[in-house]
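So the structure is just underneath, and the comments pick up after that.
The values are calculated or read from the model by the stated rules, or taken from the named source; none is laboratory data. The structure displayed is predicted, hence computed values, not measured ones. Heads up, the Cβs are rebuilt from the backbone with ideal geometry, glycines too, and the neighbour counts pull from every protein chain shown. Surface areas here come from the heavy atoms of the whole protein model, side chains and all, with no ligands, DNA or RNA. Shrake-Rupley method; radii C 1.70, N 1.55, O 1.52, S 1.80 Å.
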Amino acid sequence: MKKLILFALLAMVLASPDISAAANSRDYIPLPAGTFFFGTYFKHLSANTLFANGKKVSNDFNLNANIGIFRPVYYANIGNALYGDGGFTVDPQMLILFGEQHL
């Protein structure tokens, strides 16, 4: 049950409108090669009412959650031999999720 709740909270965080996303894949301008970027995204959630099937079930449902994402990115050039002087920039990255919740 805890995993289901955590997954639902994570899905809400990722679907929230205040998280940035590129509208077009070509809108992205990479940082210079050799640069490390460390991004952190954070969301605090709290709720006191529980609904099931569109009906209020409880007024004393106390949910507090702090959810975050740590995103390290490294920019590098590859393909110099194939594409001439510059090659192209790649950015391998990870999304590391962390958080806590209290019900």
- When the stretch 42-56 is examined, which residues are found to be open to solvent by 90 Å² or more (accessible area, probe 1.4 Å) and free of Cβ contacts under 8 Å to residues at least 12 places away in the same chain? PHE51, ASN53, LYS55, LYS56
- Task: Identify the residue in the stretch 51-68 that is farther than 30 Å from LEU95 by Cα and hydrophobic (A, V, I, L, M, F, W, C) and, among all such residues, is modelled with the lowest pLDDT.
- Result: PHE61
